Amino acid sequence: MARRRRRGCRIQKSKPTRCIRTRGKKSDPHRNPDDPPRRRANKARGRGTYENDRPPVLGMVGRETGWACFRVCVDTKEETIRWAVAGETAEEACIFTDENRSYLWLENEEESRTRNAIDHSEGWAEDQDGDGIREVHVNTIEGIWTSLRNRLRRFRGVHKDHLSGYVAMFELAFNHDQITPALLQRMCGA
């Protein structure tokens, strides 16, 4: 019995087409100055606030437990962050932050929480006790931020009024590997 020999693909290559320029280039001025092109995304500089349509999300994660907590805030002022951090962390917690001034209240003498800050202009992590292990870093929460951004990117923009719901669903999915009947009962309040 003779074997059949396989031949390659018989699809012909497409013919080259002539390029017709339908879009403007970056250097070309817009044709109608009364109708400017739409702006894409919110490119406002500086820190986001709820008023400028860029509400900040405050995130905390336990280094030992891996449990994460996220809160959509109105702004990044000290009073707002103090309320969220004090409500979600233990009194004797050691908190690792960046050099944001909003966390300076953690360095007060009457505050039982301790703060270790990393200055990103000097490096990504710091070894404070000299044992060769860089224990002061915020890489744990930075990695979680990447996951949150990737989750929100699917929706191609979320309205600020609904952002807290999307963040809460991400928090639920991050903290629970499986949705069990016991978890559903706790969610429903039964």
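For this structure, a couple of remarks:
- When the stretch 93-107 is filtered for residues that are open to solvent by 60 Å² or more (accessible area, probe 1.4 Å) and of a type in the set (S, T, Y), nothing remains.
- All positions within the stretch 128-171 that are open to solvent by 80 Å² or more (accessible area, probe 1.4 Å), part of a loop (DSSP other than H, G, I, E, B) and either more than 25 Å from T114 (Cβ to Cβ) or not polar (S, T, N, Q) (or both): D129, D131, I133, R134, R154, F155, R156, H159, D161, H162
Conditions tested, residue by residue: (1) closer than 17 Å to C69 by Cα; (2) among the polar types (S, T, N, Q).
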{"site": "Q128", "(1), (2)": "no, yes"}
{"site": "I133", "(1), (2)": "no, no"}
{"site": "V138", "(1), (2)": "yes, no"}
{"site": "I144", "(1), (2)": "yes, no"}
{"site": "V158", "(1), (2)": "no, no"}
{"site": "Y166", "(1), (2)": "yes, no"}
{"site": "E171", "(1), (2)": "yes, no"}
{"site": "I179", "(1), (2)": "no, no"}
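- For the stretch 108-126, taking the residues that are of a type in the set (D, E) and over 26 Å from the mean Cα position of the chain (by Cα), the one that is least open to solvent (accessible area, probe 1.4 Å) is identified as E111.
- Among the residues of the stretch 100-130, the one identified as at pLDDT 80 or above and among the acidic types (D, E) is E107.
- Tabulated pairs, the stretch 132-144, first under 24 Å from E171 (Cα atoms), second assigned to a loop (DSSP other than H, G, I, E, B) and basic (K, R), C-beta under 7 angstrom, 6+ apart or interchain: T140/R63
- Within the stretch 127-166, the set of residues being over 20 Å from R63 (Cα atoms) and among the β-branched types (V, I, T) comprises V158 only.
- Within the stretch 91-124, the set of residues being under 24 Å from G48 (Cα atoms) and hydrophobic (A, V, I, L, M, F, W, C) comprises I95, F96, L104, W105, L106, A117, I118, W124.
- The number of residues in the stretch 177-190 being under 20 Å from S147 (Cβ atoms) and loosely packed, with under 11 Cβ neighbours inside 10 Å comes to 2.
- Identity of the residue in the stretch 64-90, open to solvent by 50 Å² or more (accessible area, probe 1.4 Å) and touching an Asp or Glu at 6+ places or on another chain (Cβ under 9 Å), that ends up farthest from T49 (Cα to Cα): R71
The values are calculated or read from the model by the stated rules, or taken from the named source; none is laboratory data. Please read all numbers here as calculations on a predicted model, not as lab measurements. Every residue, glycine among them, receives a Cβ derived from its backbone with ideal geometry; neighbour counts consider all protein chains shown. Calculation scope for accessible area: heavy atoms of the full protein, side chains included, ligands and nucleic acids excluded. Shrake-Rupley method; radii C 1.70, N 1.55, O 1.52, S 1.80 Å.
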